[in-house]
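Engineer: There's a structure below that I have some questions on.
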Amino acid sequence: MTASDTQVHSLFAMAVHGSADDQGWGQAKKLTDNDGNTTWVTAAHVLRWRVPRLCVLASCNSPITTPDGIELGGFPLALMLRGATTVIGGLYNISDKDTSDIMIAFWRYLANGENPLSALRHAKLDYFDYNPGHRHNWPDYWAGLIAYGAANT
């Protein structure tokens, strides 16, 4: 193994807006620079990246199936093909505030040593403590953030 083969970072995180398409490979994440210029990164771009075992996509539209259950490509699959063992991402359109509320708690639990799946579960439970009506009335706010892959990363 050479120095170029080692991974410097232990996780990859994106907190951006996302868009969807029917096949998944056109799923895109919106990156905006300080000057307001926008670049869309697609799942197909990810196939050229080297990624760590844990990847967190705090953004909308990162599913691996269509609404009718057909398998598709997408960011989670592309990340796993490039080396990720756990990918956390959003399935639906979720508000920035609700995503932020859940992800702040997620990062806190992760920093305290919980594995990513447990950290996400506890973050969602915290969310219900502050938003009890959302459990039944607004599942897209919390159910859309899911984890693919292994529990221990």
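The values are calculated or read from the model by the stated rules, or taken from the named source; none is laboratory data. Note that the structure is a prediction, hence the values are computed from the model and not measured. We place every Cβ from the backbone using ideal geometry, glycine too, and count neighbours over all the protein chains shown. These accessible areas exclude ligands, DNA and RNA; they are computed on the full protein's heavy atoms, side chains included. Shrake-Rupley method; radii C 1.70, N 1.55, O 1.52, S 1.80 Å.
Engineer: Considering only the other residues whose Cβ falls under 12 Å of the Cβ of Phe106, what net charge follows from Lys and Arg at +1 and Asp and Glu at -1? Each step should come with its number before you reach the end.
Structural biologist: Working: positive: Arg108, Arg121, Lys124; negative: Asp101, Glu114, Asp126.
It works out to a net charge of 0.
Engineer: Here's a follow-up. What's the extension gain from Ser95 to Leu31 if we count 0.36 nm per residue and subtract their Cα-Cα distance? All intermediate terms of the calculation are to be shown ahead of the outcome.
Structural biologist: Details: separation 64, 0.36 × 64 = 23.04 nm, distance 1.73 nm.
Residue separation times 0.36 nm, minus the Cα-Cα distance, leaves 21.3 nm.
Engineer: Further question on the same structure: Which parts of segment 77-96 would a label at Asn131 reach, counting a residue when its backbone N lies under 20 Å from a point 7 Å out along Cα-to-Cβ?
Structural biologist: 88-96
Engineer: In terms of solvent-accessible area of protein heavy atoms at a 1.4 angstrom probe, what is the ranking of Met80, Met14, highest value first? Walk me through the numbers before you get to the answer.
Structural biologist: Numbers: Met80 65, Met14 15 Å².
The ordering from most to least exposed comes out as Met80, Met14.
Engineer: Order the following by accessible area, largest value first: His45, His17, His134. Probe radius 1.4 Å; ligands, DNA and RNA are ignored.
Structural biologist: Details: His45 60, His17 95, His134 35 Å².
The residues order as His17, His45, His134, largest area first.
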